[in-house]
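S.K.: What follows is a single structure, and I will ask about it in a moment.
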Amino acid sequence: MSHATASRHAWAEPGVEDLGGGVYRIPLPLPLEGLKAVNVYAITDPGGVDLIDAGIALVPAREQLTAGLRKIGYELGDVRNFFVTHIHIDHYSLAVELRRTFRSVISLGEQEHANLIATREMVNGSRNRFFGAEGLRRLGAMELVTQLSAHDRQPPALIDWEDPDRWLEDGTDLDLRTRTLRAVHTPGHTRGSLCFLVGKHLLSGDTLFPHGPGRTNSPADLKRIIGSITGRLFVLSDDTKVYPGHGDFTILGKEKEEFAVFSARSHDPGLCGDVLWLSS
Ligand SMILES: [Zn+2]
């Protein structure tokens, strides 16, 4: 492995990164070729811990979350809340599994309701008639289904699409005892995607990454995600630190600068998918 490759994937290495202010990043593994891990963020205080996103409901992810929490002095049973940025399997499903044992509370953006119902119908047998492969791909599950079946492993995460305990509205201020977490509705990657703001930390889910927006499935969705980023996130101060659902962090001011380059150029009206501010 070259040095460049090693450092490119360094963020996905198991462990815990201290982000300051009692916030920690715990990357959890994904069984995917391209996407190595998902970032779970722990917001801690002496009484317990609240997590932003949860990882995928597979044993290696659960083990790594357990190990990560122990490193900072907590057990799975200390998790009070899962605040989930969006309904994709790699962010949501482990929360549902852990809730059965530990009774943690799951919150999700209210606009994900329709996506959750559609996913449930799809996995309950109507997948060909109702959604097909396109539906699965849209929900972030297709690649996983393919790879899991290639490895002859059961995808337990696909079976359990239960409701969250709470649907979050845009602008909800969540009282975390020692601080406040604000839910910001940022549609585009999914209809009900949320970003969470705590102090100067923006936990951006799959909405904003270093050098570009999250993946979109249509030009309309790209328009939507750009509207979310410019209208809801770029209003925050330049020194806001952006912590995405996958990969390294970035600084909001840097993204504003790169976006200015993108918006000054003209683009193919069909542009969507994986977009980069400087090269798309
Ligand atoms: Zn996603």
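S.K.: Any idea which residue in the range 191-213 is nearest to residue 27 (Cα to Cα), counting only those that are part of a loop (DSSP other than H, G, I, E, B) and within 14 Å of the ligand (Cβ to nearest atom)?
M.R.: The qualifying residue nearest to residue 27 (Cα to Cα) is 206.
S.K.: Another question, if that's okay. Among helices (runs of 4 or more DSSP H) lying entirely in the range 1-113, which contain 3 or more residues that are at pLDDT 95 or above and either at positive phi or loosely packed, with under 15 Cβ neighbours inside 10 Å (or both)?
M.R.: Because the criterion is at least 3 residues that are at pLDDT 95 or above and either at positive phi or loosely packed, with under 15 Cβ neighbours inside 10 Å (or both), the helices (runs of 4 or more DSSP H) in the range 1-113 that meet it are 59-71.
S.K.: Next up: Residues 197, 233: which one is closer than 21 Å to residue 92 by Cβ and either modelled with pLDDT under 95 or touching a strand residue (DSSP E or B) at 6+ places or on another chain (Cβ under 8 Å) (or both)?
M.R.: Exactly one residue qualifies, and that residue is 197.
S.K.: While we're here: Scan the range 214-253 residue by residue and report those that are within 12 Å of the ligand (Cβ to nearest atom), in contact (Cβ under 8 Å) with a residue 60 or more places away in the chain and crowded, with 19+ Cβ neighbours inside 10 Å.
M.R.: 244, 245, 246 - these are the residues of the range 214-253 that are within 12 Å of the ligand (Cβ to nearest atom), in contact (Cβ under 8 Å) with a residue 60 or more places away in the chain and crowded, with 19+ Cβ neighbours inside 10 Å.
The values are calculated or read from the model by the stated rules, or taken from the named source; none is laboratory data. Computed from a predicted structure; not experimentally measured. Quick reminder, even Gly has a Cβ in these numbers, built from the backbone with ideal geometry, and neighbours come from all protein chains shown.
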